[in-house]
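The structure appears right after this line, and notes come after that.
The values are calculated or read from the model by the stated rules, or taken from the named source; none is laboratory data. A quick note: this is a predicted structure, and the numbers were derived from the prediction, not measured. Note: ideal-geometry Cβ built from the backbone for every residue, glycine included; neighbour counts use all protein chains shown.
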Amino acid sequence: MPDQVSQETLADEELMRAFLAGDRASFDVVYRRRRESLRRFLSRQCGSDGVGAELAQEVWMKLLRACENGQYTAEAKFTTYLFRLGRNHLIDWYRKHKDITVVEFDEEVAVGGAATAYEPQNVYNPEQLLGDKEKLRIVLDGIERLSAEQKQTLLMYVEGEMSYDDIAVAMDTKRETVKTRLRYARAHLKKLVFTDG
């Protein structure tokens, strides 16, 4: 079993293989590494931090059950498996709750791979701060208006830091479809930001 320092340098798949072999600490490293990106992905899909956090915990429990019963073998890329599991769980949740509408605005954004609360770069320029916050609001609103496929693709790319190929596997589609969805999503968001809606 690898020590804590070497665990941090291992790929998710190596850690999950160690977990499957009985090293519980390896799972903790993967969980710490991926929990926020999965939570943000689900929260932005369903429109609620609380529901997203609950769904994320349910996905982690599904992953553990898949490990216990041999469905997960740590052969494929871990983030692809995790986000596909998350996407499928979200689809099931929508089917059960199709009559529920949750509206919630969250100013948390991903910066450099980590979630941070919005912090102004120039506290001495309130006009700039107001403009930046408004652009953030426009982008978040724009993400909500994307088609379900575009939104999921964009969030897997941004939140999951997944490649086109990994997203294609997770969404059971072609690489070119992923590229097209990302191109349309980016164009839509760029248009919103630079034309103020």
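Out of TYR31, TYR81, report the one residue that is among the aromatic types (Phe, Trp, Tyr), assigned to a helix (DSSP H, G or I) and either closer than 18 Å to LEU155 by Cβ or in the same structural domain as ARG145 (by TED's automatic domain parsing) (or both).
On the way: TYR31 fails: either closer than 18 Å to LEU155 by Cβ or in the same structural domain as ARG145 (by TED's automatic domain parsing) (or both).
None of the others qualify; the one that does is TYR81.
Filter region 41-66 for residues that are closer than 22 Å to MET162 by Cα, assigned to a helix (DSSP H, G or I) and either in contact (Cβ under 8 Å) with a residue 40 or more places away in the chain or among the small types (Gly, Ala, Ser) (or both) and give the result.
Selection gives PHE41, LEU42, SER43, ARG44, GLN45, CYS46, ASP49, GLY52, ALA53, ALA56, ALA66.
Just one of the numbered conditions (1) farther than 20 Å from GLU144 by Cβ; (2) of a type outside the set (D, E, K, R); (3) at pLDDT below 95 is not true of CYS46; which one?
Tallying (1) farther than 20 Å from GLU144 by Cβ; (2) of a type outside the set (D, E, K, R); (3) at pLDDT below 95, CYS46 fails exactly one: (1).
Tell me which of these GLY70 doesn't satisfy, since it passes every other one: (1) surrounded by 14 or more Cβ atoms within 10 Å (Cβ to Cβ); (2) over 17 Å from the mean Cα position of the chain (by Cα); (3) not charged (D, E, K, R).
Of (1) surrounded by 14 or more Cβ atoms within 10 Å (Cβ to Cβ); (2) over 17 Å from the mean Cα position of the chain (by Cα); (3) not charged (D, E, K, R), only one is false for GLY70: (1).
Does MET156 satisfy being within 22 Å of ARG32 (Cα to Cα) and assigned to a loop (DSSP other than H, G, I, E, B)?
Taking the combined requirement at face value, the residue does not satisfy it.
Here are some residues: GLU54, GLU13, GLU36. Which one is on the phi < 0 side of the Ramachandran plot, modelled with pLDDT of 90 or more and touching a strand residue (DSSP E or B) at 6+ places or on another chain (Cβ under 7 Å)? It would help to see each step written out before you state the result.
Values: GLU54 fails: touching a strand residue (DSSP E or B) at 6+ places or on another chain (Cβ under 7 Å); GLU13 fails: touching a strand residue (DSSP E or B) at 6+ places or on another chain (Cβ under 7 Å).
Step by step, each of GLU54, GLU13, GLU36 is checked, and only GLU36 is on the phi < 0 side of the Ramachandran plot, modelled with pLDDT of 90 or more and touching a strand residue (DSSP E or B) at 6+ places or on another chain (Cβ under 7 Å).
Among the listed residues ASP12, ASP28, which satisfies the condition of being in contact (Cβ under 8 Å) with a residue 60 or more places away in the chain and over 21 Å from ALA148 (Cα atoms)?
ASP12
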